[in-house]
Amino acid sequence: MKPEIYQSPKNDMNDELSTIEKTVLSDYKYGFVTDIEADEAPPGLNEDIIRFISAKKNEPEWMLEWRLKAFRHWSRLAAEEPKWANIEYPPISYQDIIYYSAPKQKVKPNSLEEIDPELRRTFEKLGISLDEQKRLSGVAVDAVIDSVSIGTSFKEQLGEMGIIFCSMTDAIQEHPDLVRKYLSSVVPITDNYFAALNSAVFTDGSFCYIPKGVRCPMELSTYFRINAENTGQFERTLIIAEQGSYVSYLEGCTAPMRDEHQLHAAVVELIALDDAEIKYSTVQNWYPGDKQGKGGIYNFVTKRGICKGNNSKISWTQVETGSAITWKYPSVILKGDNSTGEFYSVAVTNNYQQADTGTKMQHLGKNTKSRIVSKGISAGFSNNSYRGLVHVAKNAVNARNYSQCDSLLLGDKCGAHTFPYIEVKNNTSVVEHEATTSKIGEDQIFYCNQRGIDSETAVALIINGFAREVMNQLPMEFAVEAQKLLAVSLEGSVG
Amino acid sequence: MLKIQNLQAGIEGRTILKGINLEIKAGEVHAIMGPNGSGKSTLASVIAGKTDYEVTEGRIEFMGKDLLDMLPEKRAGEGLFLGFQYPVEIPGLSTTNFIKTAVNELRKYRGEEPLDAVAFLRLMKEKMALMDIQQPLLSRSLNEGFSGGEKKRNEIFQMAMLQPKLAILDETDSGLDIDAIRIVANGVNKLRSKDNAVLLITHYQRLLDFIIPDFVHVLYNGRIVKSGTKELALELELKGYDFIKNDLNIAETV
């Protein structure tokens, strides 16, 4: 299928920025560095480094073998980084990256109270309090800095209900059977280049298990922070929802401002059994690079869920405002009959950011339903692509899909692209696709101005209106934060 | 309240307003009439501060301040309101949310505390009753899918909510049937007071049957060529704009 491409006309004769573009120039507010000693591996990637990571984490033999298998597979692919995405970047030197960096804490904390005050302050500066009393009630947090988790809140309260919420490192030690059973069951180590790399070197992440029939009473969330220089962050998240259970999970992420690019290659796997529901929300705000496109995170992430059981549901919601490059396709395999997959996305690109993001909905079971709502906002000189696949297998009787892809352009030097792929092998299915492209008009801004609203606030109102359908999917606690983030990412794009 | 002196303005090098003089005092309703292309909407846009237009000569004073020096949002803050001829649509932004933002931005400009949800709702209920406007319309995205009449009523409702000192209504009657005109005019009449003023810009006399102006001005070819009372509007209706043109030709040839 031929991709549809919307490219706003380039006007090389006129280098002056339009009024609209002038509003996109604001500073990244999470760009600070915490001065803390780190325990690091030497840069480079080889079997010794993998043995080093595995030993640091005191992993069982099977885990090391699994990593080495992934590494050998990645080594075979090493020269074949995927090139199909609509993004451009110079080759990544994998041998210059530090694959393990842990903040050195004087003593290993046994409880949240014992966490190094400097680390605690870092998270407080980010608006994440690890102090359970001060926390928003109803949210449990796992805080991950560079390669390791430094603490998880509300562990005990959740434990009483049989819910396991801990770092991946702890899960491998304490719940090896569950990890062994489900790890790489949704995203195999051979799935793709970055998934293989992640499997070889991942250092931490969150693990979450909701037992049969339990409705998790609070939002679970992981907060990822890159701090150390020249490191990559490779985390692994695994969520298992047993029969009839429900969980809502949120992840947030930030990084310091640096001139060099840093690599973040995560893998997230979700498993929903019969009648289970998983809602996974992301507010991604990695450092996007400066106004000239220098620095910023390369965010190459594989996220996939499987609706393994009948009547199960997986819903992805993402608000993507950060990263120099985003390469990410949260997907759902609809295996169980009557299962539902959803993908709600707002992706904002500004300055020289690039995003190639979307989803895959694979309909395998009968009466499966999927819904895709993608809102792309491009400003400055950025490029924003939606790439999606809707696949209906031969036996997926009565599959339904609805896709909607809207793009909003600010200024005339950015691009919005849509690459929808549809493969249907069952003639009882119904697949719908709608797409629109629009621009913020000077008329809309003037109308707001005339009512006393300045241009920046006007853009924020227009953007949030455009993204409302997706924002409505976010848990209440984070919706307000996400709205502000949208406005901040586009500050300076209108004058 | 508003004092315009020798205002000359244009767009892309073309002069549209060729020396406008106009004074509006508190408590007055003025109407500006004129044929298509005479510069009526340009005048409204220039007063409100639309950047597409370039002012080449003259000055506008509003509440004793130099208006041309101010950004459009500051002009709104000073109490200027423009009812748009073509109100824009903002998908996904509820009308209520938009108005709440506007009300509080104006309050901020004037150094007042923002209204909380309860106080805002109370104000809105009061004005809704006054304007005979229903909640469902205000819950919808701003102007999106509104009929012509709904858009214009929404403009007048915003005017009621924002309580401006001077409201300029740019062809608020265009495209409306007689019932809709009556509703809009009712709204405007209810808001008239000795402290505020209204400038109506209209092509037709019929709006002036419902909103009785104190002064009527005829704008032609970028100049106010004739001023009078409401009888001037009736004369125009009777004789058409040609009589103005003829008058002018005679004046120019003499």
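The values are calculated or read from the model by the stated rules, or taken from the named source; none is laboratory data. On a predicted model such as this, the values are computed, not experimentally measured, just so you know. Positions of Cβ are backbone-derived with ideal geometry, glycine not excepted, and every protein chain shown enters the neighbour counts.
Among the residues in segment A:438-448, are any of a type outside the set (Asp, Glu), more than 14 Å from chain B (Cβ to nearest Cβ) and either farther than 30 Å from B:Ile99 by Cβ or surrounded by fewer than 24 Cβ atoms within 10 Å (Cβ to Cβ) (or both)? No, there is no match, as no residue in segment A:438-448 is of a type outside the set (Asp, Glu), more than 14 Å from chain B (Cβ to nearest Cβ) and either farther than 30 Å from B:Ile99 by Cβ or surrounded by fewer than 24 Cβ atoms within 10 Å (Cβ to Cβ) (or both). Residues that are buried (at least 21 other Cβ atoms within 10 Å of the Cβ), over 24 Å from the mean Cα position of the chain (by Cα) and either at the interface with another protein chain (Cβ under 10 Å from one of its Cβ atoms) or not in a strand (DSSP E or B) (or both) are absent from segment A:414-430. Of all residues in segment A:261-310, which are within 26 Å of A:Lys484 (Cβ to Cβ), polar (S, T, N, Q) and not in a strand (DSSP E or B)? Result: A:Asn285, A:Gln292. When we screen B:Ile60, B:Ile16 for residues that are among the aliphatic types (A, V, I, L, M) and without any contact (Cβ under 8 Å) to a residue 60 or more places away in the chain, the only hit is B:Ile60. Of B:Ser45, B:Ser38, all but one fail to be farther than 30 Å from A:Thr437 by Cβ and buried (at least 17 other Cβ atoms within 10 Å of the Cβ); the exception is B:Ser38. The single residue among B:Leu137, B:Leu176 that is over 26 Å from B:Gln8 (Cα atoms) and either of a type in the set (Gly, Ala, Ser) or surrounded by fewer than 20 Cβ atoms within 10 Å (Cβ to Cβ) (or both) turns out to be B:Leu137. Of the residues making up segment B:48-57, those that are buried (at least 18 other Cβ atoms within 10 Å of the Cβ) and without any contact (Cβ under 8 Å) to a residue 40 or more places away in the chain are B:Gly49, B:Lys50. B:Leu106 falls short of the stated requirement of being within 8 Å of chain A (Cβ to nearest Cβ) and more than 23 Å from the chain's Cα centre (by Cα). Would you confirm, using the coordinates I've provided, whether B:Gly10 is within 12 Å of another protein chain (Cβ to nearest Cβ), among the small types (Gly, Ala, Ser) and free of Cβ contacts under 8 Å to residues at least 60 places away in the same chain? Considered against the rule, which asks whether it is within 12 Å of another protein chain (Cβ to nearest Cβ), among the small types (Gly, Ala, Ser) and free of Cβ contacts under 8 Å to residues at least 60 places away in the same chain, B:Gly10 comes out as no.
For segment A:417-426, the criterion of being within 30 Å of B:Ala76 (Cβ to Cβ) and modelled with pLDDT under 95 is met by no residue.
Condition check: crowded, with 17+ Cβ neighbours inside 10 Å and among the small types (Gly, Ala, Ser). Does B:Ser147 satisfy that?
Considered against the rule, which asks whether it is crowded, with 17+ Cβ neighbours inside 10 Å and among the small types (Gly, Ala, Ser), B:Ser147 comes out as no.
Criterion first (in contact with a Lys or Arg (Cβ under 8 Å, 6 or more places away or on another chain), within 25 Å of B:Phe146 (Cα to Cα) and touching a residue at least 12 places away in the same chain (Cβ under 8 Å)) does B:Pro91 satisfy it? Taking the combined requirement at face value, the residue does not satisfy it.
For every residue, the table says whether it meets (1) within 13 Å of another protein chain (Cβ to nearest Cβ); (2) out of contact with any Phe, Trp or Tyr (no Cβ under 8 Å at 6 or more places or on another chain); (3) closer than 30 Å to B:Gln8 by Cα; (4) modelled with pLDDT of 95 or more.
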| position | (1), (2), (3), (4) |
| --- | --- |
| B:Glu54 | no, yes, yes, no |
| B:Phe81 | yes, yes, yes, yes |
| B:Ser94 | yes, yes, no, no |
| B:Val118 | no, yes, no, no |
| B:Met128 | no, no, no, no |
| B:Ile133 | no, no, no, no |
| B:Phe146 | no, yes, no, no |
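Residues in segment B:56-79 that are more than 12 Å from chain A (Cβ to nearest Cβ) and not β-branched (Val, Ile, Thr): B:Glu57, B:Gly58, B:Arg59, B:Glu61, B:Phe62, B:Met63, B:Gly64, B:Lys65, B:Asp66, B:Leu67, B:Leu68, B:Asp69.
Determine, yes or no, whether A:Gln450 is under 30 Å from B:Lys165 (Cα atoms) and either touching a Lys or Arg at 6+ places or on another chain (Cβ under 9 Å) or among the charged types (D, E, K, R) (or both).
Values: under 30 Å from B:Lys165 (Cα atoms): yes; either touching a Lys or Arg at 6+ places or on another chain (Cβ under 9 Å) or among the charged types (D, E, K, R) (or both): yes.
Here the answer is yes, as A:Gln450 does meet what is asked.
Just to confirm my filter: which strands (runs of 3 or more DSSP E) fall fully inside segment B:174-254 and include at least 3 residues that are under 16 Å from the mean Cα position of the chain (by Cα)? By residue number, B:197-202, B:215-220. Going through (1) assigned to a loop (DSSP other than H, G, I, E, B); (2) surrounded by fewer than 17 Cβ atoms within 10 Å (Cβ to Cβ) one by one, B:Ala129 falls short only on (1). Taking the listed residues A:Arg72, A:Arg67, A:Arg76, the one that is within 17 Å of A:Val201 (Cα to Cα), modelled with pLDDT of 80 or more and crowded, with 18+ Cβ neighbours inside 10 Å is A:Arg67, with no other qualifying.
Considering (1) crowded, with 16+ Cβ neighbours inside 10 Å; (2) within 8 Å of another protein chain (Cβ to nearest Cβ), the lone condition that A:Glu456 does not fulfil carries the number (2). Could you check, for segment A:390-405, whether at least one of its residues is among the small types (Gly, Ala, Ser) and under 15 Å from A:Thr326 (Cα atoms)? Looking through segment A:390-405, none of the residues is among the small types (Gly, Ala, Ser) and under 15 Å from A:Thr326 (Cα atoms).
For A:Leu364, the conditions (1) under 26 Å from A:Pro211 (Cα atoms); (2) buried (at least 24 other Cβ atoms within 10 Å of the Cβ) are fulfilled apart from (2). One residue stands out among those in segment A:318-361 that are aliphatic (A, V, I, L, M) and closer than 30 Å to A:Thr428 by Cβ: the one that is surrounded by the fewest Cβ atoms within 10 Å (Cβ to Cβ), which is A:Ile333. Residues in segment B:135-144 that are in a helix (DSSP H, G or I) and within 14 Å of chain A (Cβ to nearest Cβ): B:Ser139 alone.
Test B:Asn246 against the stated conditions and say whether it is surrounded by fewer than 18 Cβ atoms within 10 Å (Cβ to Cβ) and free of Cβ contacts under 8 Å to residues at least 40 places away in the same chain. Considered against the rule, which asks whether it is surrounded by fewer than 18 Cβ atoms within 10 Å (Cβ to Cβ) and free of Cβ contacts under 8 Å to residues at least 40 places away in the same chain, B:Asn246 comes out as yes.
Would you confirm, using the coordinates I've provided, whether B:Thr42 is in contact (Cβ under 8 Å) with a residue 24 or more places away in the chain, more than 8 Å from every other protein chain (Cβ to nearest Cβ) and either more than 29 Å from B:Glu231 (Cα to Cα) or over 19 Å from the mean Cα position of the chain (by Cα) (or both)? No; evaluated as a whole, the condition is false for this residue. Does segment A:478-492 contain any residue that is farther than 28 Å from B:Glu155 by Cβ, more than 14 Å from chain B (Cβ to nearest Cβ) and either more than 20 Å from the chain's Cα centre (by Cα) or at pLDDT 80 or above (or both)? Yes: segment A:478-492 contains one or more residues that are farther than 28 Å from B:Glu155 by Cβ, more than 14 Å from chain B (Cβ to nearest Cβ) and either more than 20 Å from the chain's Cα centre (by Cα) or at pLDDT 80 or above (or both).
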